[in-house]
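Encoded as structure tokens, the structure appears first; notes follow it.
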Amino acid sequence: MTATFGSWVVGHDPLDGNGGIYLNWNDYSANMKIAGCIFVALLVVLVLFLVKSIKQRYEASVVGLCLFFVSMFYITFSVIRFVHVEIGPLDNRMMSGVYIPLILIFGIGLDVVLRNAISKNIASLFFICLLAVIGSQSILSAVDYGANGRYWGSDVHQAQPLHQFVKNLDIKSQFMSNEPQMLFSVIEQSPIFNQYMNARVFPRPCTNRYFVWYAVSFLPDVKPTGGEIIYSDALGEVTQLADCTVLAPTFWP
């Protein structure tokens, strides 16, 4: 979560926008980590000032504190729902809900803390410069993503040797994978069963059955056995299980 906040301040995606949706602390740059820690520290300081100034600036302080508690409720819910239950990250998708409340907390908090026009003008100039930097980065990123794609739709992802090999296989085959969404972005053919769905009946006639096993996966267990590995590299491997007359559960004894 902290690193995600830092990426907002820096105005750039981790891993140059090619990191996918499942990220951890080490996937973020040092600048994002530092910016995120500073962001959270300043947020805590501003909230303390809002509590301290509640008698002098009642309306502003109450609004700022309400936004903070709404944000904390959302973050706590996200930790329980998305991290504890689904084992997911607090990335941009999950934290987008507190983006605007946090901006408003900073605006209200600085308005309460900064007492004279000079300090407020300096703070305004700083945020204008920050907005210009982030805005220019957003424009450059939009141009880059429009030209080269992004994440699993990027040219780099599509051009991986393993994916080029899979694209040359018979499209009438059944494809399985421990990362079915990733494989779908390459062949755009569904359904793609994972290893835990091996007993399901494929809904249409097929020729062969292939399993694309990715080396880095959130489903790292229950690899099929007994098939023939027909391609392998650092990204993963392609196993030909058999033709479709052989039942898939045969390879998960």
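Can you tell me which residue within segment 108-124, out of those that are small (Gly, Ala, Ser) and either surrounded by 15 or more Cβ atoms within 10 Å (Cβ to Cβ) or not assigned by TED's automatic domain parsing to the domain that holds Val40 (or both), is nearest to Phe68 (Cα to Cα)? Ranking the qualifying residues of segment 108-124, first place goes to Gly109. Among the candidates Val143, Val133, Val166, the residue that is assigned to a helix (DSSP H, G or I) and either in contact with a Phe, Trp or Tyr (Cβ under 9 Å, 6 or more places away or on another chain) or closer than 30 Å to Val222 by Cβ (or both) is uniquely Val166. Being touching a residue at least 40 places away in the same chain (Cβ under 8 Å) and closer than 18 Å to Leu104 by Cα is the filter here; which residues of segment 12-44 pass it? Leu42, Leu43, listed by residue number. Residues that are part of a helix (DSSP H, G or I) and touching a residue at least 60 places away in the same chain (Cβ under 8 Å) were ranked within segment 151-162; the one that is nearest to Pro205 (Cα to Cα) is Leu162. Only one entry in Phe184, Phe193, Phe202 is farther than 20 Å from Gly153 by Cα, under 23 Å from the mean Cα position of the chain (by Cα) and modelled with pLDDT of 90 or more, namely Phe193.
For segment 169-198, the set of residues classified as touching a strand residue (DSSP E or B) at 6+ places or on another chain (Cβ under 9 Å) and part of a helix (DSSP H, G or I) consists of Pro180, Met182, Leu183, Phe184, Val186, Ile187, Gln195, Met197, listed by residue number. In the set Ile122, Ile87, Ile128, Ile75, only one residue is within 21 Å of the chain's Cα centre (by Cα) and in a helix (DSSP H, G or I); that residue is Ile75.
Every condition in (1) aromatic (Phe, Trp, Tyr); (2) under 23 Å from Gly107 (Cα atoms); (3) within 18 Å of the chain's Cα centre (by Cα) is met by Phe49 except one, and the failing one is (3).
Among the residues of segment 135-172, just one is farther than 30 Å from Glu188 by Cα and under 19 Å from the mean Cα position of the chain (by Cα), namely Gln137. Restricting segment 223-253 to residues that are hydrophobic (A, V, I, L, M, F, W, C) and within 25 Å of the chain's Cα centre (by Cα), which is nearest to Arg204 (Cα to Cα)? Top of the filtered list is Leu235. Remark: pairs (first residue in segment 129-150, farther than 18 Å from Val10 by Cα; second residue outside any helix (DSSP H, G or I); Cβ separation under 7 Å; 6+ apart in sequence or on different chains) = Asn148/Ser154. Applying the selection to segment 221-249, what residues are surrounded by 12 or more Cβ atoms within 10 Å (Cβ to Cβ) and in a loop (DSSP other than H, G, I, E, B)? Residues satisfying the conditions are Val222, Lys223, Pro224, Gly226, Gly227, Asp233, Leu235, Cys244, Val246, Leu247.
Hey, does segment 49-67 have a residue that's at pLDDT below 90, crowded, with 19+ Cβ neighbours inside 10 Å and not basic (Lys, Arg)? Checked against the condition, which is being at pLDDT below 90, crowded, with 19+ Cβ neighbours inside 10 Å and not basic (Lys, Arg), segment 49-67 yields no hits at all. Being at pLDDT 90 or above and closer than 27 Å to Val143 by Cβ is true of Ser29. Filtered by the rule that a residue be touching a Leu at 6+ places or on another chain (Cβ under 9 Å) and part of a loop (DSSP other than H, G, I, E, B), segment 199-211 gives a lone residue, Ala199.
The values are calculated or read from the model by the stated rules, or taken from the named source; none is laboratory data. Just so it is clear, the structure is predicted and the values come from calculations on it, not from any experiment. Every residue, glycine as well, gets a Cβ built from its backbone with ideal geometry; the counts of neighbours run over all protein chains shown.
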